[in-house]
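Each remark here refers to the structure printed beneath this line.
The values are calculated or read from the model by the stated rules, or taken from the named source; none is laboratory data. Everything quoted here is computed from the prediction, not taken from an experiment. Here the Cβ is made from the backbone with ideal geometry for all residues, glycine too, and neighbour counts use every protein chain on show.
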Amino acid sequence: MSAPFRRLFLAGFTVLALASTAQAQGRGPVAESGIDGFGDDGQLYQDQNGAFYVRRGDRYLPYTGRPPVVRPAPQAAPAPQAAPVYAPDFDDPTAPPRRAAGTPPAEGLSPIEAAKAKAVLRAPDDGPIDYAKAYGPIPDDVFPVQAFNYKKMNPAYLRQEIAYNGPYEPGTIIVDPRAHQLTLVEQGGRARRYGVGVGKQGFSWSGTATVNSKQAWPDWYPPKEMIARSPKLASEVDKLQSGLGVAGGLRNPLGARAMYLWQGNKDTLFRIHGTLEPFSIGKSVSSGCIRMINQDAIDLFSRVNVGSKVVVLN
């Protein structure tokens, strides 16, 4: 093989390799069946500098015709995306949803909301009740919960495990406003009893309801009538996503947890919740809601399911 022919032969393979590389990179060949009617013998190739060459037998000669049209390789159309179905908001069941159903709670949520979602899943402590532990600090919650000085509380209003042989099924919550106690019926003839604060005269409520939702560190939306009765409260509420209220946190009167009581499809506006004033437990001071020491509200919250029956005695 002569030297000039060897150079052309090697050059042709170099250009051919470059053309193959271009196809491998997704840009596609210059022409799949020849350009300008050249056919296989007139197949064009392009080198790394963008220059075109035409194949003539086993030689590759510079191409001087009109520039070819480079057609990119076809790409698959993107798969259609289904419209997301949204899950309820963690803070307020009536508020617009903010995450797609089926996504892990931490996706699409702010750090606070993600922490609330995690707090909802906190498992109950089923060991013997050790008051130092039961009412100790909880630093790893959404907001840190301070220890409660249980030694200054009437023992009748501290968490207790008791025997139960009453008529209500396990899972039922029974509130006795006169005794200022809340009882959660459990399996095997047992129950858990907690001290509570209840509504003062004129704001008491009795009847049967269900737990419609459970929320960790919820926003609080006081009724307009309550805001009107309290000028101080009017100065403390802010514009939140569902109206005037107080954002969940350490200054929120609903405390660390809240269980929302409904009758059928109607919100009773009464809650079982934590409190900023733990020493009001055992008294009738609230506007009708059932308040608990934050540690007790967290414990009850971890044991109660949405849909649980709540009986408030008269």
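Going through L313, L269, L250 one at a time, which residue ends up being out of contact with any strand residue (DSSP E or B) (no Cβ under 8 Å at 6 or more places or on another chain), hydrophobic (A, V, I, L, M, F, W, C) and closer than 18 Å to S206 by Cβ?
L269
Would you pick out the residues in the stretch 242-266 that are in contact (Cβ under 8 Å) with a residue 40 or more places away in the chain, surrounded by 14 or more Cβ atoms within 10 Å (Cβ to Cβ) and not small (G, A, S)?
R257, M259, Y260, L261, W262, Q263
Among the candidates G207, G195, G199, which residue alone is modelled with pLDDT under 95, surrounded by 19 or more Cβ atoms within 10 Å (Cβ to Cβ) and over 30 Å from A114 (Cβ atoms)?
Exactly one of G207, G195, G199 is modelled with pLDDT under 95, surrounded by 19 or more Cβ atoms within 10 Å (Cβ to Cβ) and over 30 Å from A114 (Cβ atoms), namely G199.
State which residue is surrounded by the fewest Cβ atoms within 10 Å (Cβ to Cβ) when the search covers only the stretch 292-314 and only residues that are under 20 Å from the mean Cα position of the chain (by Cα) and of a type in the set (A, V, I, L, M).
Among residues in the stretch 292-314 that are under 20 Å from the mean Cα position of the chain (by Cα) and of a type in the set (A, V, I, L, M), the one surrounded by the fewest Cβ atoms within 10 Å (Cβ to Cβ) is V306.
State whether one or more residues within the stretch 134-144 are assigned to a helix (DSSP H, G or I), within 32 Å of the chain's Cα centre (by Cα) and among the aliphatic types (A, V, I, L, M).
Yes: one or more hits.
Could you say which residue among L250, L244 is modelled with pLDDT of 90 or more, out of contact with any His (no Cβ under 8 Å at 6 or more places or on another chain) and more than 25 Å from L184 (Cα to Cα)?
On the way: L244 fails: modelled with pLDDT of 90 or more.
Unique residue meeting the criteria: L250.
Taking the condition of being in contact (Cβ under 8 Å) with a residue 40 or more places away in the chain and within 25 Å of the chain's Cα centre (by Cα), how many residues in the stretch 274-291 meet it?
Result for the stretch 274-291: 1.
Taking only the stretch 137-160 into account, find how many residues are under 25 Å from V175 (Cα atoms) and surrounded by 14 or more Cβ atoms within 10 Å (Cβ to Cβ).
Residues in the stretch 137-160 being under 25 Å from V175 (Cα atoms) and surrounded by 14 or more Cβ atoms within 10 Å (Cβ to Cβ): 8 in total.
When the residues of the stretch 272-291 are filtered to those that are touching a His at 6+ places or on another chain (Cβ under 9 Å) and assigned to a strand (DSSP E or B), which remaining residue is surrounded by the most Cβ atoms within 10 Å (Cβ to Cβ)?
Filtering the stretch 272-291 for residues that are touching a His at 6+ places or on another chain (Cβ under 9 Å) and assigned to a strand (DSSP E or B), the one surrounded by the most Cβ atoms within 10 Å (Cβ to Cβ) comes out as R291.
Pick from the stretch 253-266 the residues that are within 23 Å of A119 (Cβ to Cβ) and assigned to a loop (DSSP other than H, G, I, E, B): which of them is modelled with the lowest pLDDT?
Out of the qualifying residues, it is P253.
Say we look at the stretch 147-177 and pick out the residues that are touching a strand residue (DSSP E or B) at 6+ places or on another chain (Cβ under 9 Å), part of a loop (DSSP other than H, G, I, E, B) and in contact (Cβ under 8 Å) with a residue 60 or more places away in the chain; which of these is nearest to F279 (Cα to Cα)?
M153
Quick test of your reading of the structure: L269 fulfils all but one of (1) assigned to a strand (DSSP E or B); (2) crowded, with 21+ Cβ neighbours inside 10 Å; (3) aliphatic (A, V, I, L, M). Name the failing condition by number.
Failing condition for L269: (2).
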